[in-house]
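Since the structure comes first, as structure tokens, the remarks are kept for the end.
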Amino acid sequence: MSGNTLGLLFAVTTFGESHGPAIGCVIDGCPPGMPLAESDIQPDLDRRRPGTSRHVTQRQEADRVEILSGVYEGQTTGAPIALLIRNTDQRSKDYGNILDTFRPGHADYTYWRKYGLRDPRGGGRSSARLTAPIVAAGAVAKKWLHQHHGTVIRGCTLQVGEIALPLRDWDEVARNPFHAPDADAVPRLEAYMDELRRAGDSCGARLYVEALNVPAGWGEPLYDRLDADLAHALMGLNAVKGVEIGDGFACVAQKGSEHGDELTREGFASNHAGGVLGGISSGQPLTAQIAIKPTSSIRVPRRSVDRAGQPTVVETFGRHDPCVGLRATPIVEALVALVLIDHALRHRAQCGDVALPVPPLAGAAP
């Protein structure tokens with residue numbers, strides 16, 4: 001199976017399956033000399049892990065990360081960093097009824113058509129369980145980016161099902177299980193999720209992410225554009241069906257006189273482009289949104305076929321998130337961090353000696 005590595009100079013390869021003994025990743029290309037310990041990585045894993053509230057899957061995984069290589073006396077050595085997360089709460093029997101059938105909306109059918117066989121236990125390799133190593137690798141990238149450039153990456157939930165949320169308070173995001181930036185919306189979200197769980201159904205979500213203090217100049221035209229690589233990485237997240245950079249699809253209704261971000265001596269007058277122009281960072285905040293589809297694993301009976309092509313009905317049992325978007329915020333942040341550190345290292349390799357006689361625009365990162 002190919003397609004398991006993200007990045008060129010900072011390359012992350014994940015391994016494992018949902019119900020295997022462990023999952024993990026290997027980071028190749030992390031610069032040497034950065035202090036690194038499990039305690040730098042664990043907080044983001046704790047934000048993503050299952051079983052943290054009644055509104056997400058009740059699979060109980062500690063998601064304790066182990067650093068197996070690439071760190072000596074508390075510092076990265078430049079060698080590959082191997083990160084391991086053990087699976088401890090698998091219930092493979094929950095998937096016995098789908099061994100010969102395919103869940104609508106899931107990757108069961110397409111994996112079978114491509115590989116001729118599949119691991120039905122929790123979706124195997126296609127499971128969102130494999131986002132945990134990405135979060136772990138992203139924590140390493142976040143630390144390097146903040147240490148060298150002051151870059152801060154943060155995300156939140158802006159919509160759950162039909163409920164849209166205003167971006168009122170970034171401090172509130174860490175205080176509720178929905179990563180919602182509005183405390184007043186939490187009771188309504190709780191009632192909505194309880195209703196979905198009773199009905200055995202699911203919903204989608206819209207997430208927002210931004211990166212602050214991203215220097216101007218990162219990105220490689222034409223086919224390795226920063227925004228193209230961001231879209232590539234974010235679309236690689238399970239259940240994502242749409243990615244917007246900056247204003248995204250809203251730019252269709254805008255006039256050129258509105259959308260084009262004017263440049264002034266005081267800085268950019270707006271940021272409709274989301275911090276990327278011509279595939280290269282402008283020094284403004286980098287912004288993106290993603291659309292996550294409703295969870296495919298639901299208890300509502302759905303029509304399907306078996307491996308012989310005969311009609312059947314599928315009901316999915318086991319422990320599942322009514323909305324997979326509720327735990328996706330740290331994953332989205334991690335993917336943005338991985339793309340940014342890769343482009344930071346690529347920029348340093350080719351253009352590290354570039355110096356201009358004028359400083360960057362006010363409000364832009366140095």
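Only the coordinates and a few stated rules stand behind these numbers; no lab work does. Small disclaimer: the values here were computed from a predicted structure and weren't measured. Neighbour counts run over all protein chains shown; Cβ positions are idealised from the backbone, glycine included.
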Cα coordinate range in segment 93-351, projected on the principal axes (Å, largest first)
66, 44, 38
Positive end of the dipole of the chain, charges at C-beta (+1 Lys, Arg; -1 Asp, Glu), about the Cα centre: which of Gly352, Gly155, Pro322 has its Cα farthest in that direction?
Pro322
Multiplying the sequence separation of Ala174 and Tyr72 by 0.36 nm and subtracting their Cα-Cα distance, what value in nm do you get?
33.5 nm
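If you stretched the chain out fully between Ala253 and Ala164, how much longer would it get, using 0.36 nm times the residue separation minus the C-alpha to C-alpha distance? Before the final figure, lay out the partial values.
Details: separation 89, 0.36 × 89 = 32.04 nm, distance 2.07 nm.
Net length gain for the segment: 30.0 nm.
When the helix-only estimate is applied to the chain (DSSP H runs of n ≥ 4, each -39,500 (n - 2.57), divided by the residue count), what is the mean residue ellipticity at 222 nm, nearest 500 deg cm²/dmol?
Details: 7 runs with 89 residues, N = 366.
So the calculated ellipticity at 222 nm is -7500 deg cm²/dmol.
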Compare the Cα positions of Thr13, Cys203, Gly105 along the charge dipole of the chain (+1 at Cβ of Lys, Arg; -1 at Cβ of Asp, Glu; about the Cα centre) and return the one farthest towards the positive end.
Gly105
Rounded to the nearest 20 Debye, what is the dipole magnitude of the chain about its Cα centre when Lys and Arg each give +1 and Asp and Glu each give -1 at the C-beta?
1280 debye
Where is the GNM fluctuation largest for the chain (alpha-carbon springs, 10 angstrom cutoff): Ala79, Ala334, Ala253?
Ala253
Partner aspartates and glutamates for Lys293 [C-alpha distance under 17 Å; skip if fewer than 8 residues away on the same chain]:
Asp108, Glu162, Asp201, Glu244, Asp321
Counting other C-beta atoms within 10 Å, and keeping those with at most 10, which DSSP coil chymotrypsin sites (Phe, Trp or Tyr not before Pro) do you find in segment 168-257?
Tyr223
Can you tell me the FRET efficiency between Thr312 and Ala183 if r is taken as the Cβ-Cβ distance and R0 is 41 Å, rounded to the nearest 0.05?
0.35
Place a point 7 Å from the Cα of Lys241 in the direction of its beta carbon; the residues of segment 191-209 whose amide N falls under 20 Å from it are 193, 196-197, 199-209
List the residues of segment 73-87 whose backbone N lies under 12 Å from a point placed 7 Å from the Cα of Ala37 along the Cα-to-Cβ direction.
73-75
